[in-house]
1. All but one of (1) within 14 Å of another protein chain (Cβ to nearest Cβ); (2) crowded, with 18+ Cβ neighbours inside 10 Å; (3) assigned to a helix (DSSP H, G or I) hold for A:I74; which doesn't?
2. Is there a residue in the range A:111-119 that is in contact (Cβ under 8 Å) with a residue 40 or more places away in the chain, in a loop (DSSP other than H, G, I, E, B) and not charged (D, E, K, R)?
3. Which one of these is under 19 Å from A:V233 (Cα atoms), surrounded by 22 or more Cβ atoms within 10 Å (Cβ to Cβ) and among the hydrophobic types (A, V, I, L, M, F, W, C): A:V285, A:V265?
4. Check A:F55 against each of (1) out of contact with any Phe, Trp or Tyr (no Cβ under 8 Å at 6 or more places or on another chain); (2) in contact (Cβ under 8 Å) with a residue 60 or more places away in the chain; (3) crowded, with 21+ Cβ neighbours inside 10 Å; (4) over 29 Å from A:G276 (Cβ atoms) and name the one condition it does not meet.
5. Collect the residues in the range A:403-426 that are over 15 Å from A:A484 (Cβ atoms) and in contact with a helix residue (DSSP H, G or I) (Cβ under 9 Å, 6 or more places away or on another chain), keeping them in residue-number order.
6. I want to confirm something. Restricting to the range B:120-152 and keeping residues that are surrounded by fewer than 14 Cβ atoms within 10 Å (Cβ to Cβ) and of a type in the set (A, V, I, L, M, F, W, C), which single residue is modelled with the highest pLDDT?
7. Residues being more than 10 Å from every other protein chain (Cβ to nearest Cβ) and at pLDDT 85 or above: count how many of those fall in the range A:149-199.
Amino acid sequence: MRSLIFSIVILTSLVGRADAALFDASQGARWHRLMHYEHRLRGLRSLIASEVFFFAPTGSTDPLAELTASRRAIQTGLPLVGQEAGLAQMDPICAFPARARFMHEVLGDTLRPVVCEGLTYWRTRLPLRSLSLVFASAYANNPASLFGHTFLKLNVDKDKVANPTPDYAVSFSAVPDGSKGFMYMYRGLTGAFFGVYLLNPFYEKLTEYAENENRDLWEYELNLSADQIDRFVEHLWELVNYANSRYYFFDDNCSYAILSLLEAVVPDWDLTSQAGWVVLPHQTVRIVTRDHTKIRAAIGHPSLRSRFETTLAQLDLSDETRLRRVLVADADVSDVHSAPVLEAAIKYYNLRKTEKSGKLRGTEQNHYQRILERRADLGIVRQAPLPTFDLGRTTRPDIGHGPVKVSLGLINDGAPHPGFGARYGFHDLLDDDRGFEPNLQINYLDLQGSANASHPVLDRFRAVDIVSLRPWSALDSGFSWKVAIGHTNRPEPAHSYIEAGGGLDLGLFGNRVQVFTLPSACVRQPKEGERTALDLSSDVGMLWRIGPGDKVFVRTARTWASDHSWQGRWHQEARLAHSWADQQIQVSANWDRRWWFHLSWGVFLAGS
Amino acid sequence: MKRIGLWLVLCLGLTAANLWAADGSSGCGPAWYVFKDNSLVSSSLRTITNGFLAPTVTFGMTTGTSNCTKHSIVLIEQQKNHYVAVNNDQLQSDIAQGHGVYVDQFTALFGCGASETAAAVLQRNYRTLYAQPEGPQAVVNRAQLIISRSEELAGQCAA
């Protein structure tokens with residue numbers, strides 16, 4: 001009897017300890033990150049939305065239930081994965097190898113010997129030596145790409161493959177449903193799209209971004225151990241095959257998913273908690289690279305446009321003249337002996353293709369073919385070194401300022417009073433260019449106010465304010481544009497507005513000075529109850545980039561308003577900004593029926 | 001809606017019958033699950049990134065070895081064809097110029113590595129490579145012939 005009681009006590013103690021170990025494991029960072037659990041407004045929930053990813057009915061919200069059910073499935077081999085979703089079926093160990101590894105390494109389980117054909121093939125084809133975080137710079141022609149994009153590059157160990165194998169890339173991408181325009185934006189903002197992890201050869205991404213969309217790529221090789229890389233390969237198999245999530249443009253987007261994936265592989269890396277409400281690709285690069293021990297190297301992949309501009313800059317005057325002659329549609333190129341000229345022409349026509357949906361037509365295509373043939377006939381030019389295209393350091397996103405800016409200042413509109421400002425994102429034309437596209441402004445959730453005798457007053461709120469300047473040249477007929485949505489109380493009268501405009505930008509002195517005209521139309525809503533009005537504006541301005549942190553901006557506009565019998569009114573604006581070490585001093589003078597001046601000191605913050 | 005989907009499927013099938021024939025997977029993975037439709041339309045939509053639809057995206061993309069292996073690792077025997085299909089314009093430019101990332105990656109698929117000699121050999125044979133009829137398969141076959149017959153590249157390229 002005593003021995004029976006003793007056995008029951010020991011057994012209960014062992015079961016209790018086992019339960020405690022299971023519970024502890026289910027609450028640990030490694031399990032939470034492997035299953036992508038996060039604390040949200042509605043409580044703990046996995047980012048993964050697909051039911052097939054979980055064994056427990058409550059698995060997406062209950063880590064212990066999911067760990068218990070996953071463990072049972074991995075131990076017994078049942079249920080086969082995918083069965084309930086009508087998918088091809090797989091043993092749980094083969095379907096979720098990272099999870100099986102967790103059971104073995106953390107809970108001490110012995111795994112059943114199972115032959116996993118597909119997984120074995122996956123591992124054989126992806127023996128990686130390292131991973132890289134890749135940032136693609138902004139693409140101004142697609143609203144979904146204004147903030148850039150991040151994905152991971154899988155660097156294949158060429159010594160471990162029997163056949164030549166390219167590097168691969170994994171990205172988290174939305175699967176659109178065919179909606180366009182406003183509905184596309186609305187559905188992207190509200191999580192109506194699903195996002196999936198996609199694996200493609202890296203050369204596909206290079207062509208897509210660097211060649212077709214003219215986006216520079218920055219690659220940061222991550223400092224990961226061989227074991228961490230193995231875990232990545234296993235977890236990637238799980239995600240590519242079984243995971244989808246709701247895609248939200250601003251937070252649960254490509255960049256956040258990449259951070260979440262890295263945390264699943266390296267639970268010690270605390271990345272997603274630094275992301276903030278709006279997750280920007282720039283910001284995620286800074287989150288990862290902030291700790292320099294995480295990075296081995298940074299490499300730039302210049303876009304077609306960057307390479308073309310570099311090639312142009314390297315031509316002397318006589319070659320520039322030859323280039324213009326070569327680019328005439330029916331020019332005879334058989335007597336051209338300059339490789340740089342022909343290569344500049346080749347890049348020019350490739351750029352033309354990106355503007356014409358990938359195809360040249362008729363005489364342009366024939367002429368392009370003749371240029372290619374002539375260049376090939378010229379052969380290797382031995383006396384000249386191979387051209388190199390170095391992005392330099394200035395566009396690296398990890399060196400850019402934080403997206404958030406807060407400022408204090410002084411306003412004088414006849415009487416001096418304090419002013420304040422707060423901008424949630426992202427980059428103004430007058431901010432330090434380093435780490436950003438030089439001619440692209442994206443401001444959102446930007447308010448400025450002042451304090452009069454009794455209380456603070458909102459002077460202006462910009463929900464979004466985007467300006468894209470693309471310098472025009474004889475070889476590049478760039479289109480510049482702007483969009484703004486907001487509300488202003490100064491200048492009076494108060495009104496809300498939506499404005500859009502487009503025009504021309506000329507770059508002078510090596511693009512250090514931009515002179516632009518962006519005529520625009522603005523739908524203006526004055527006070528409630530009053531009729532909506534339409535404003536048409538001419539808009540001429542100049543941006544002088546004295547240095548990356550020193551800018552001068554001057555603008556003059558004449559506006560004709562429908563609710564004022566189209567009488568014209570002048571606006572003038574001049575601003576001077578000096579930025580250094582995440583700070584900025586700005587002085588501005590404005591005229592709109594009266595003068596007002598503004599002096600401010602601002603600080604850039606990380607925004608997380 | 002189903003009729004439109006069927007029309008799209010038929011069109012895709014007719015225009016790319018040879019390519020789709022290689023797609024032996026039964027379709028799995030949550031991107032398929034999202035559409036609850038094991039169709040070729042799902043297959044093409046699955047690859048949209050940032051609103052950009054990649055051309056002939058599932059060209060030789062499956063392993064063909066087992067179920068639920070619908071992922072985008074290119075079959076070994078299709079790597080060269082896939083590379084040319086995706087990067088034809090860039091590769092053609094690089095071959096004409098005798099240097100560049102794309103010709104280096106292409107010659108690496110033949111086991112040549114990032115070789116200036118291999119790029120120069122292809123450049124000298126540019127007109128042969130891009131003679132009519134054009135097409136990824138033709139370019140690959142001609143490149144294979146040129147590389148294998150080149151004395152300069154003897155012993156330097158494996159495949």
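1. (1)
2. So far as the range A:111-119 goes, no, none of its residues is in contact (Cβ under 8 Å) with a residue 40 or more places away in the chain, in a loop (DSSP other than H, G, I, E, B) and not charged (D, E, K, R).
3. Values: A:V285 fails: under 19 Å from A:V233 (Cα atoms).
Residue meeting the stated conditions: A:V265.
4. Failing condition for A:F55: (2).
5. The one that is over 15 Å from A:A484 (Cβ atoms) and in contact with a helix residue (DSSP H, G or I) (Cβ under 9 Å, 6 or more places away or on another chain): A:P403.
6. The residue in question is B:L145.
7. Qualifying residue count, the range A:149-199: 9.
Listed here are the residues, each with its yes/no results for (1) within 14 Å of another protein chain (Cβ to nearest Cβ); (2) within 30 Å of A:D582 (Cα to Cα).
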residue: A:W269; (1), (2): no, yes
residue: A:P302; (1), (2): yes, yes
residue: A:L323; (1), (2): no, no
residue: A:L327; (1), (2): no, no
residue: A:P340; (1), (2): yes, no
residue: A:Y349; (1), (2): yes, no
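The values are calculated or read from the model by the stated rules, or taken from the named source; none is laboratory data. Note that the coordinates shown come from a computational prediction; the quantities given were computed from them, not determined experimentally. Glycine also receives a Cβ, built like all others from the backbone with ideal geometry; neighbour counts cover every protein chain displayed.
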